[in-house]
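The values are calculated or read from the model by the stated rules, or taken from the named source; none is laboratory data. Worth saying up front: this structure is predicted, and the values here are computed from it rather than measured. Cβ placement follows ideal geometry from the backbone for every residue including glycine, while neighbour counts extend to all protein chains displayed. The protein model used for the area step is the full one, side chains on, heavy atoms only, and it has no ligands, DNA or RNA in it. Shrake-Rupley method; radii C 1.70, N 1.55, O 1.52, S 1.80 Å.
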Amino acid sequence: MAKAKKLGISELREKKDLARKMRRPFERDWYLNMAFIAGDQYVEYALEPINRLVEIEDVGIRALNNICIKIARTEQAKILKTRPVPTALPATDSEDDMYAARVIDAYFRYLQDEWNFDRRLRNAVYWLVATGNMFMKWYWNDATKSNQMAVISPFDIYPDPYAKTMLDMRWMIHTEFMSEDQAKEIWGGVKGADVTQITTSATDTLTPVETRVFSHFGDGATNLPGVVINEYWEPPSPSCLDGRFIVFTDQAIIYQSKYPYAHGRLPFTHAGHVPRTNSKYSASVMDFVRPLQVELNRAESQIIENRNIANGIWFIPTEVELDSPVTGEPRQIVKWNGPPALNPQNWFVTPPAMAAWVGTEPDRIKNTAQDIVAQHEVSHGGVPGRVESGQAIQLLQETDDSVLTTTIHSVEEAVSDGFMMAALLFKEFADAEIVVRAYDKDGMIEVDKLQKDHIALDLRVRVQTQTGLPQTIAGKWDRVLNLLQYEVIDPKRAIELLDLSSEDPELAPEMQDRKNAYRENKKMLDGAIIRPEVWDNHDVHMEELDKFRKTEEYRRAVNADPPLAKKFQFHWDQHEELRAMVDQKNVQREMMLQGQAPPGPPAGPPPPGGPPPDQGGEGLTSPQPPAPAPNGSPAPVA
């Protein structure tokens with residue numbers, strides 16, 4: 001097989017220019033959509049002498065009734081209504097694969113906290129609504145030895161122009177503008193990188209409207225000094241077996257190597273809004289709303305013009321001298337000097353009345369726009385006439401939301417593919433064992449030790465929606481109470497869905513015990529001996545301990561350190577004895593209240609304790625309090 005052709009700076013610039021030319025027809029809509037959402041709606045995209053966004057001059061009255069921002073924000077809220085949660089699926093039903101999936105799930109929770117994933121997803125969905133395209137980058141940071149995720153603007157992505165879809169990409173270029181010092185700091189520690197080639201480059205000047213809308217690095221006249229860093233990614237292929245990764249500026253190559261990731265995928269995922277047939281770029285609903293926004297502004301401007309001249313128009317001869325200008329204000333007195341033959345009454349002309357339909361034109365345009373994007377009254381908090389049932393309103397809302405099914409699925413696919421790459425990068429580059437910390441919704445910390453050799457390469461990742469409940473308080477209560485009434489969920493789950501457990505922990509008293517039991521199990525896994533307290537909820541602690549002893553994690557730990565099983569059994573026996581002690585005191589208290597003599601202490605030694613043999617307690621008996629810790633164990637932990 002012939003050796004792959006080496007790419008020089010001229011070939012890289014040619015690839016980028018060709019990708020930009022193929023992308024340029026879509027840029028006009030992207031620029032205008034973003035400007036209209038931001039409220040700059042008297043603008044146009046000038047093709048000559050260069051593709052730029054400029055203001056329209058001499059428009060006259062500039063009415064602005066911004067329905068674009070309302071539709072865009074509603075669209076974002078509908079897409080984010082169900083939060084995508086990545087979940088690892090085991091490759092088989094074996095215990096090893098199930099354990100590997102749980103390890104990856106813990107790692108995914110850690111990454112979401114580290115990345116502030118929800119905030120980044122909101123930023124990504126803005127690009128999805130404004131341009132129709134959302135790009136995310138999933139890569140490994142050698143400096144921090146960690147997975148990273150970034151949201152990429154469509155303006156900074158230059159895909160293979162010959163690919164019909166984003167799944168067919170043979171290569172892709174990602175550009176980023178930064179200061180010269182920042183670029184040298186990033187690449188200065190990379191072996192083989194030539195940072196002497198990083199120099200400040202000239203950039204295009206910005207128009208004032210571009211500075212307002214896009215927050216570029218400029219002051220409305222020029223950009224800040226900086227350099228554009230380009231990353232060329234080409235996965236392995238029959239024509240280039242090792243693939244390519246090249247970092248370059250417009251003048252020179254800074255760094256090049258073979259493709260750095262064993263998974264052999266482009267480190268980018270893409271989600272589309274409104275699919276286009278045989279096109280890698282999707283459309284945005286704003287493409288169809290923007291022309292209606294222009295007509296709405298024209299109609300509003302015409303109404304304002306007619307309102308301003310409704311009191312009539314004055315035509316005053318030049319030979320007439322007025323002592324004050326005519327303003328049309330009530331009871332205004334204006335004196336004039338002029339020929340006696342002139343009649344002031346002839347100077348005033350009453351314009352014809354505005355057609356009645358003109359006043360209803362804005363509402364007609366708004367309704368048309370809402371029909372196009374399927375955002376009717378219920379999507380904006382209104383209720384159609386003669387609709388009173390709460391369930392009927394929810395069904396109407398779901399009808400509006402259903403048109404976003406393909407968009408939401410596209411986002412879920414992009415997120416699941418990205419987290420799959422994160423798992424593979426963790427497997428390839430992470431340390432043998434790392435400690436990760438994640439937080440639950442109540443702010444409680446969860447600590448896990450992850451070993452990358454427990455991760456199977458053939459796992460799958462899918463995205464599950466966190467909740468499909470209505471976002472309004474009234475709608476959420478109505479839906480949850482209906483589920484509770486028909487026994488689809490239990491009261492504990494209803495309290496969680498209504499966010500009552502985080503506002504008032506007393507509503508879920510056993511949750512604290514379950515979390516404490518989880519932390520105790522983790523400490524005992526590290527070899528600690530923990531004595532339970534009398535005030536613990538012993539039933540909950542024993543239930544959580546038995547559940548943990550059935551996991552693959554526990555089985556692996558006991559196989560490596562057999563005495564560990566005695567420590568867990570010791571903890572279980574202590575809970576059982578304390579539970580019996582508390583039960584006996586409760587019986588004594590009840591008998592005393594009824595005037596009966598309390599029973600004496602039980603005769604003889606207590607019965608053997610511990611779980612049944614199939615739960616790991618075979619051959620063990622309950623120690624008498626205070627029971628000694630198992631031989632060779634560290635000091636007990638309270």
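Worth a mention:
- Residue in region 358-367 that is part of a loop (DSSP other than H, G, I, E, B) and either of a type outside the set (K, R) or open to solvent by less than 60 Å² (accessible area, probe 1.4 Å) (or both) present: no
- Long-range neighbours under 6 Å by Cβ, at least six apart or interchain, first residue of a type in the set (S, T, Y) within region 147-172, second in a loop (DSSP other than H, G, I, E, B): T165/K280
- Set R579, R589, R555: member being assigned to a helix (DSSP H, G or I), at pLDDT 85 or above, open to solvent by 70 Å² or more (accessible area, probe 1.4 Å) and not aromatic (F, W, Y): R579
- Of the residues making up region 19-40, one or more are surrounded by fewer than 15 Cβ atoms within 10 Å (Cβ to Cβ) and part of a loop (DSSP other than H, G, I, E, B).
- Reported count of residues in region 126-137, each being part of a helix (DSSP H, G or I) and surrounded by fewer than 23 Cβ atoms within 10 Å (Cβ to Cβ), is 1.
- Look at (1) open to solvent by less than 40 Å² (accessible area, probe 1.4 Å); (2) more than 30 Å from L497 (Cα to Cα); (3) in a helix (DSSP H, G or I); (4) not small (G, A, S) and you find that W140 fails only one, number (3).
- Of all residue pairs spaced 6 or more apart or on separate chains, those with beta-carbon atoms under 6 Å, a first member in region 294-310 that is of a type in the set (G, A, S) and a second member that is surrounded by 13 or more Cβ atoms within 10 Å (Cβ to Cβ) and assigned to a helix (DSSP H, G or I) are A299/E361; A299/P362.
- Enumeration of residues in region 154-195 that are basic (K, R) and either touching a Cys at 6+ places or on another chain (Cβ under 8 Å) or not in a helix (DSSP H, G or I) (or both): K164, R170, K191
- Per the conditions (1) at pLDDT below 85; (2) within 30 Å of V285 (Cα to Cα), the sole criterion not satisfied by W115 is (1).
- If you go through region 224-270 and keep only what is within 15 Å of T199 (Cβ to Cβ) and open to solvent by less than 20 Å² (accessible area, probe 1.4 Å), you end up with G226, V227, I229, N230, V247, F248, T249, A252, I254.
- For region 514-539, filtered to residues that are of a type outside the set (D, E, K, R), over 10 Å from H575 (Cα atoms) and more than 33 Å from the chain's Cα centre (by Cα), the residue that is most open to solvent (accessible area, probe 1.4 Å) is W535.
- Residue within region 47-58 that is crowded, with 19+ Cβ neighbours inside 10 Å, in contact with a Phe, Trp or Tyr (Cβ under 7 Å, 6 or more places away or on another chain) and within 27 Å of V228 (Cβ to Cβ) present: yes
- Tabulated pairs, region 43-72, first of a type outside the set (A, V, I, L, M, F, W, C), second modelled with pLDDT under 80, C-beta under 8 angstrom, 6+ apart or interchain: Y45/N51; Y45/R52; R52/T207; R52/E210; E55/T207; E55/P208; E55/V209; K70/H380
- The selection criterion, being open to solvent by less than 60 Å² (accessible area, probe 1.4 Å), among the acidic types (D, E), within 28 Å of N141 (Cβ to Cβ) and modelled with pLDDT of 75 or more, does not hold for E446.
- Output for region 331-357, where each listed residue is part of a loop (DSSP other than H, G, I, E, B) and under 30 Å from N297 (Cα atoms): T350, P351, P352, A353, M354, A355
- F245 within 22 Å of W138 (Cβ to Cβ) and in contact with a Lys or Arg (Cβ under 6 Å, 6 or more places away or on another chain): no
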